[in-house]
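**Student:** Next up is a structure, given as C-alpha cells.
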Amino acid sequence: MNKLILIILVIFFAICSKSWAEAELIANCEGAYGHAYYHYYGITPKDKSGWDKDAISKGKFSFKKVDDDKFDLLFIDASQSITSSIQSGASIFPVIRTDTSMTVLVIYPSVVETYSFWQNKYDEYKFALSQSKTGDILLRKNSLMVGSCSYINFNY
C-alpha cells in the first residue's frame, strides 16, 4: 500500500510541476576567475590567509526560471556533478534587471552569492560571481570572479 501511495504522489508531482529540464533558460555561463580573501579561521593556516587568486575554471552555471516566481541556479564545480542551488537549501531572489544586465541574490545558511549577468559594449555576455562564505563553516572567504556566457535572456 505504501508503494502505491508513493507511486501516485510521484506521478502527481511529475504532472503538476514543471521539471528542471523544461525550465526556461535565462543564462548559461562558464569559467570564473578572480581573487579571494581567505580568513584566518577554521582549516586555513595563517600563512595561507589573506588575498589569493581564485577560480572555478571548469565551472558551468545555468540560471533558470522554473515557475512564475521560482528560479534555480544549477552549477558544476570541481566535483564535476550538477548541483541545484534550490535543492541545496538556497533562496534565490532576482534583484536588478535592465535591458542589458541583471543581478541575482542566492542565499544559503552560511553563504551569500551574488550573480551579475551583463552584455558589454562588444555584445559579449559576461557574469560575475561574488561570494561571502562566513558563518558556521570551516573555510571562510570573500571572493569575486568573472566569466563568460554563451547565452543570456534579459527579457524572461
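Just so you know, all these numbers are worked out from the coordinates, no wet-lab data involved. This is a predicted model, so every value here is computed, not measured. Neighbour counts run over all protein chains shown; Cβ positions are idealised from the backbone, glycine included.
**Student:** Give me the count of lysine pairs in segment 20-152 whose alpha carbons sit under 26 angstrom apart, restricted to pairs 8 or more positions apart or on different chains.
**Tutor:** Summing the qualifying lysine pairs gives 26.
**Student:** In which sequence would Ser91, Ser143 go, from the one with the fewest C-beta neighbours within 10 Å to the one with the most? Intermediate values should be presented prior to the final figure.
**Tutor:** Numbers: Ser91 11, Ser143 21.
Listing Ser91, Ser143 from fewest to most nearby Cβ atoms yields Ser91, Ser143.
**Student:** Which residue fluctuates the most in the chain, going by a Gaussian network model with Cα springs under 10 Å, if the choices are Asn142, Asn120, Asn28?
**Tutor:** It is Asn120.
**Student:** Quick one: pull the percentage of alpha-carbon pairs in the chain with a separation above 24 Å. Spell out each step's value before the answer.
**Tutor:** On the way: 4913 of 12090 pairs.
In whole percent, the long-distance tail amounts to 41.
**Student:** Let me ask something else. Specify the angular offset, from 0 to 90 degrees and rounded to the nearest 10, of the alpha carbon long axis of helix 2-16 from the longest principal axis of the alpha carbons in the chain.
**Tutor:** Compared with the principal axis, the helix lies near 70 degrees.
**Student:** Grab the DSSP H runs of the chain that are 4 residues or longer, score each as -39,500 (n - 2.57), total them, divide by all residues and round the 222 nm result to the nearest 500 deg cm²/dmol. It would help to have the intermediate numbers written out before the result.
**Tutor:** Details: 1 runs with 15 residues, N = 156.
Theoretical 222 nm ellipticity from helices: -3000 deg cm²/dmol.
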